[in-house]
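Accompanying notes for the structure given below.
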There are 2 protein chains.
Amino acid sequence: MSKILAAEVIAIGNELLAGYTINSNAAFIGQKLLEAGIAVRHGTTIGDQPEEIITALETASQRADLIFVTGGLGPTPDDLTKQTICRFFDSRLIEDPAILGHVEELLRHRGLGMLPANQAQALVPDKAQVFLNQVGTAPGLRFEKESIHFFFMPGVPGEMRHLLTEHYLPWLRANFTLPEIRTHLLRTTGIAESRLHDRLKDLVDDEKLVSIAFLPRYIGVDLRFRLENPDQPGRQYFNQFIQAIRERIGQYIFSEAEIELEEHLGQLLKLKGLTLALAESFSGGLIADVLTNIPGSSDYFLGSVTAYSNLSKIDFLSVNPETLEKFGAVSAETALEMARGVQKKFSSGCALSTTGIAGPGGATDTKPVGLAYIAARIGNTETVREFHFGSDRLINKKRGMAAALELLRRLLSETR
Amino acid sequence: MSKILAAEVIAIGNELLAGYTINSNAAFIGQKLLEAGIAVRHGTTIGDQPEEIITALETASQRADLIFVTGGLGPTPDDLTKQTICRFFDSRLIEDPAILGHVEELLRHRGLGMLPANQAQALVPDKAQVFLNQVGTAPGLRFEKESIHFFFMPGVPGEMRHLLTEHYLPWLRANFTLPEIRTHLLRTTGIAESRLHDRLKDLVDDEKLVSIAFLPRYIGVDLRFRLENPDQPGRQYFNQFIQAIRERIGQYIFSEAEIELEEHLGQLLKLKGLTLALAESFSGGLIADVLTNIPGSSDYFLGSVTAYSNLSKIDFLSVNPETLEKFGAVSAETALEMARGVQKKFSSGCALSTTGIAGPGGATDTKPVGLAYIAARIGNTETVREFHFGSDRLINKKRGMAAALELLRRLLSETR
């Protein structure tokens, strides 16, 4: 049984402390390392000052086996990290001809000339193992000091991801026997966290072996399970444990993989040979946006009309003016007519529509901010639901999007 | 001149280390504190283990005046933070009747009964100053130990924001003389970071007094300026310095406030009494989504057609089938016809259209992934541009959205 290596992630950047940039790199690194059997135990964020960097590296050396550092390797002159690294590792900068050639080539490809700052990126500490960064100009640098391994990456997310997944993880797998970490994901939708926990509490509350996380998202609640370094009975127990959960809450689980509800829905539509069109008002284009984030979505997604005005609901979606007059734009009747209209116009198998008051303005005496109607159609089968979301416009749009996708998912599971 | 207080932000949660949750709280806290004249010097992320929490609190006490802790105060049984806090502050849990009443009231309002876990939330350490959390059940807790102040908040972003802005910042302002921190923002679009830096390098590279950050985003590059504790000549210098930058790169600055390009564009349209309609293919609904994120956007945004199929481009946008035949769906000609068609259909003053190959599929011999055409119209004035984005579908959509908004912004500034 191999030891679980402890990692620390150090993010360097004044912009992170000032809150101008959200540190999403740390989450990516944490997930990828965990999948590989390495556990991040500490995260540290510091500014660009050399003394802070040295202190953070020293502190991390005392508690981690592997240290991943992001930021401070860019082409701007305020990046002092490389000199500081040299000090820490008792190293000096030398020019790396391979990196120089790569930087020249990359800039030429982008139609740009070589600036002194670019030239400086080919200077690397002589004690580092240098990894070519195929998607940017700053190379990856690995050091070893007193059996601790240090991995330096630029802070640009795309470049960090490239170096971690294409270079550092393969290097780690080749140089360490990484332990097994069993993980499993149950992705639920249509049930609140407290109710989900209530249904499962006799199973999860006193569980000692498997760690369980309830992770609420707009789209639903993720359940994540983890077991470190299991033996054979442990693996069996893990599977049985998840099976017990699955049996209890199966109807709310839409996926057991790292895919989003929109991707799952796309796979369902493809499988059933159905196409989809949208009539969005409340959700304002967000459903079209998330659906078209999925590669290949043009196979089943025909298009969408975002109809913000009454006139566009009549013109583009053939909503009856009398319906708008009698029930209002925010009504179950209008939602249904929008879905029918867009389905007909696009000749699609399925349709979804949203109408409501996203806020903060637009409320009336009888229709408060957060009120929404969402309709779904498959062929001639249709359903419409009333929702009462909150007062935050952006959260309302997200919850409306999630509710619409879930409504269609449920309707699809009910029709053969 | 008052001393700048040094803050540390500690985030507690295994889900943060595992990367299941992105720590966006830290950025929010950093920004709000900086605005108030408090500088975050360290960020720390740790798991839910009591020993880790104690160590992190001890370490922070040695280098910070103010310590902000998020996470670990929720109603789930694995939250051991409160007991650990009691240990660290030599305190014991007592029931707070005001908190108990608030929790009962809040649950009643949500139509829920009181669970033992909810009851436990009214237990607070006797040495804490307790702050009522109006938007959730876990109260805020403030401690003082050896002149260091500790502020505990739940990890739920909405609750953290509420406690920080409504309780802790007012408390800090009332109990400390906070120094002045001058900040300024120049929000640019339409120019790459390296070119922007090149134009400004004689001004910014050797600047010692004002700190300057170049912050690239999809929409453009933010320039953020900061001056700590300025005297009168310092303030004057700060203003003159920014004025010099403004004169150099004025054409790329779209805002000097914390507003996004879509909001700026909305203000421009409103000011000019113009309406907007969209024909999206490449951007797949993203432009409609970001535009409708702005409250009151229904004043100028009429609607959008996301036309993913050739047929929908013909039916909804009146694109000539011969144009599609001759030039293809991904062409300047089609982009222009899409903009014309949607402008006419919605009777809008302005129109934007996008067509292209977002990837990863869909490339042909002559049309690679990342190729896009974006057209803008104001009245009968129109423009179309060819773009070569990259290979990442999601980034392509974002860059296409940003380029479209910038194209319209420029066209608006050119027409009276």
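The values are calculated or read from the model by the stated rules, or taken from the named source; none is laboratory data. Note that this is a predicted model, so its numbers are computed, not measured. Reconstructed Cβ throughout: ideal geometry from the backbone, glycine too, with neighbour counts over all protein chains shown.
Annotation for segment B:40-56: no member residue is of a type outside the set (A, V, I, L, M, F, W, C), away from every other protein chain (no Cβ under 12 Å) and surrounded by 18 or more Cβ atoms within 10 Å (Cβ to Cβ). The set of residues from segment B:274-310 being β-branched (Val, Ile, Thr) and facing another protein chain (nearest Cβ under 7 Å) comprises B:Thr292, B:Val305, B:Thr306. Pairs linking a residue in segment B:5-28 that is more than 7 Å from chain A (Cβ to nearest Cβ) to a residue that is charged (D, E, K, R) and part of a helix (DSSP H, G or I), with Cβ atoms under 9 Å and 6 or more positions apart or on different chains, are B:Ile12/B:Glu52; B:Asn25/B:Arg161. Exactly one residue among B:Val221, B:Val156 is of a type in the set (A, V, I, L, M, F, W, C) and touching a Leu at 6+ places or on another chain (Cβ under 6 Å), and that residue is B:Val221. If the condition is being in a loop (DSSP other than H, G, I, E, B), of a type outside the set (A, V, I, L, M), modelled with pLDDT under 95 and at negative phi, then segment B:60-89 contributes B:Gly74, B:Pro75, B:Thr76, B:Pro77, B:Asp78, B:Asp79. Checked against (1) surrounded by 24 or more Cβ atoms within 10 Å (Cβ to Cβ); (2) without any contact (Cβ under 8 Å) to a residue 24 or more places away in the chain; (3) of a type in the set (D, E, K, R), A:Lys397 meets all criteria but (2). Of all the listed residues (A:Leu407, A:Leu394), the sole one being within 20 Å of A:Ser348 (Cβ to Cβ), part of a helix (DSSP H, G or I) and hydrophobic (A, V, I, L, M, F, W, C) is A:Leu407. Contact map, segment B:355-375: residues that are within 14 Å of chain A (Cβ to nearest Cβ) and under 11 Å from B:Ala329 (Cβ atoms) paired with residues that are surrounded by fewer than 23 Cβ atoms within 10 Å (Cβ to Cβ) and polar (S, T, N, Q), Cβ distance under 8 Å, separation 6+ or inter-chain. Pairs shown: B:Thr355/B:Ser331; B:Gly362/A:Ser298. The residues on offer are B:Gln267, B:Gln243, and the sole one that is without any contact (Cβ under 8 Å) to a residue 24 or more places away in the chain, more than 14 Å from chain A (Cβ to nearest Cβ) and more than 29 Å from B:Ala372 (Cα to Cα) is B:Gln243.
Candidates are the residues of segment B:300-319 that are of a type in the set (Gly, Ala, Ser) and closer than 18 Å to B:Ile374 by Cβ; the one that is nearest to the chain's Cα centre (by Cα) is B:Ser304. When A:Leu196, A:Leu227 are checked against the criterion of being surrounded by 18 or more Cβ atoms within 10 Å (Cβ to Cβ), assigned to a strand (DSSP E or B) and not polar (S, T, N, Q), a single residue qualifies: A:Leu227.
Scanning segment B:141-160 for residues that are of a type in the set (A, V, I, L, M, F, W, C) and within 15 Å of B:Thr84 (Cα to Cα) returns B:Leu141, B:Phe143, B:Phe150, B:Phe151, B:Phe152, B:Met153. Close contacts from segment B:316-343, counting a first residue that is in contact (Cβ under 8 Å) with a residue 60 or more places away in the chain and farther than 22 Å from B:Ala358 by Cβ and a second that is surrounded by 19 or more Cβ atoms within 10 Å (Cβ to Cβ) and of a type in the set (Lys, Arg), with Cβ to Cβ under 7 Å and a gap of 6+ residues or different chains, come to B:Gln343/B:Arg377.
Annotation: of all residues in segment A:199-211 being basic (Lys, Arg) and away from chain B (no Cβ under 11 Å), the one that is surrounded by the fewest Cβ atoms within 10 Å (Cβ to Cβ) is A:Lys208.
Can you find a residue in segment B:252-260 that is assigned to a helix (DSSP H, G or I) and more than 24 Å from the chain's Cα centre (by Cα)? No: zero hits.
Screening the candidates A:Ile212, A:Ile287, A:Ile245 for the property of being over 30 Å from B:Ser281 (Cβ atoms), touching a helix residue (DSSP H, G or I) at 6+ places or on another chain (Cβ under 8 Å) and at pLDDT 95 or above yields one hit, A:Ile245. Looking across segment A:123-165, just one residue is in a loop (DSSP other than H, G, I, E, B), among the hydroxyl-bearing types (Ser, Thr, Tyr) and surrounded by fewer than 16 Cβ atoms within 10 Å (Cβ to Cβ), and that is A:Ser147.
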